[in-house]
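Contents: one structure, followed by commentary.
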Amino acid sequence: MKQYFPFLCIATTLLVAFFAISAYRQAAPGARLYNQYFTANSPIGYTTDRALGLTALAGDAAILEQGKRYHQDTDYDLALVSLRTYLDHNPVPNDYLPELLAGTAAMATGNYAEARSHLWQLPESDSDADGAALWYLSLLDLREENLVAARGKLRLLAGSPAGRQYPVEEVLGELGLE
């Protein structure tokens with residue numbers, strides 16, 4: 001009997017670990033998927049003109065360029081500071097990229113309410129912006145375990161041309177919704 005005791009301890013530990021992992025995956029599938037699929041990298045690029053140096057830009061254009069560079073360098077705290085400043089001076093920017101970058105930088109730094117606010121500002125009239133908004137807003141819904149809202153946004157995104165840029169079907173499949 002003594003020779004089986006270490007085996008029984010290891011088997012019991014593995015069994016408890018298996019059930020703990022299963023319980024976690026079932027208890028928080030949205031948060032797990034958020035962590036698995038969130039990336040702050042812009043899916044549509046940064047559209048930065050590399051011929052222009054930061055010193056050649058003036059005022060708000062320099063601030064925006066700086067925010068883009070910080071975002072590309074994954075320094076999301078500094079990117080968010082620059083993008084906030086730019087958006088304070090330009091509340092209705094000509095392009096949706098500043099709001100998108102501010103939203104993803106806010107998500108990356110844990111400012112989820114601010115991220116949601118920026119993402120709601122993205123125009124529905126542009127398919128890339130609309131797709132990005134649906135994707136990141138659905139990830140925020142997943143993080144909050146609001147699976148019904150996330151599913152609705154993901155289904156809208158799956159039916160749009162912009163949906164091909166994101167692993168929508170994969171996420172829906174992992175949620176067991178498709």
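The values are calculated or read from the model by the stated rules, or taken from the named source; none is laboratory data. The structure presented is a predicted model; accordingly, all values stated were derived computationally and were not measured. Glycine also receives a Cβ, built like all others from the backbone with ideal geometry; neighbour counts cover every protein chain displayed. The accessibility values were calculated without ligands, DNA or RNA, using every heavy atom of the protein model including side chains. Shrake-Rupley method; radii C 1.70, N 1.55, O 1.52, S 1.80 Å.
Quick notes on this one:
- Just one of the listed residues (24, 34) is in contact with a Lys or Arg (Cβ under 9 Å, 6 or more places away or on another chain), at pLDDT below 70, of a type in the set (Phe, Trp, Tyr) and assigned to a helix (DSSP H, G or I), and it is 24.
- Exclusive hit being of a type in the set (Asp, Glu) and modelled with pLDDT of 90 or more, set 170, 178: 170
- Residue ID - farthest from residue 38 (Cα to Cα), chosen from residues in the range 134-178 that are polar (S, T, N, Q) and part of a helix (DSSP H, G or I): 165
- Count of residues meeting criterion [among the hydrophobic types (A, V, I, L, M, F, W, C), within 22 Å of residue 105 (Cα to Cα) and open to solvent by 40 Å² or more (accessible area, probe 1.4 Å)] in the range 163-178: 0
- The range 105-135, subset of a type in the set (S, T, N, Q) and touching a Phe, Trp or Tyr at 6+ places or on another chain (Cβ under 9 Å), residue least open to solvent (accessible area, probe 1.4 Å): 109
Rundown of residues vs (1) assigned to a helix (DSSP H, G or I); (2) hydroxyl-bearing (Ser, Thr, Tyr); (3) farther than 24 Å from residue 144 by Cα; (4) without any contact (Cβ under 8 Å) to a residue 24 or more places away in the chain, yes/no style:
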position: 69; (1), (2), (3), (4): yes, no, yes, yes
position: 78; (1), (2), (3), (4): yes, no, yes, yes
position: 83; (1), (2), (3), (4): yes, no, yes, yes
position: 88; (1), (2), (3), (4): yes, no, yes, yes
position: 98; (1), (2), (3), (4): yes, no, yes, no
position: 107; (1), (2), (3), (4): yes, no, no, no
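- Of residues in the range 107-139 being over 19 Å from residue 30 (Cβ atoms) and among the aliphatic types (A, V, I, L, M), the one modelled with the highest pLDDT: 132
- Tally, over the range 136-162, of residues that are open to solvent by less than 10 Å² (accessible area, probe 1.4 Å) and either under 22 Å from residue 77 (Cα atoms) or in contact (Cβ under 8 Å) with a residue 60 or more places away in the chain (or both): 7
- In the set 145, 170, only one residue is at positive phi and of a type outside the set (S, T, N, Q); that residue is 145.
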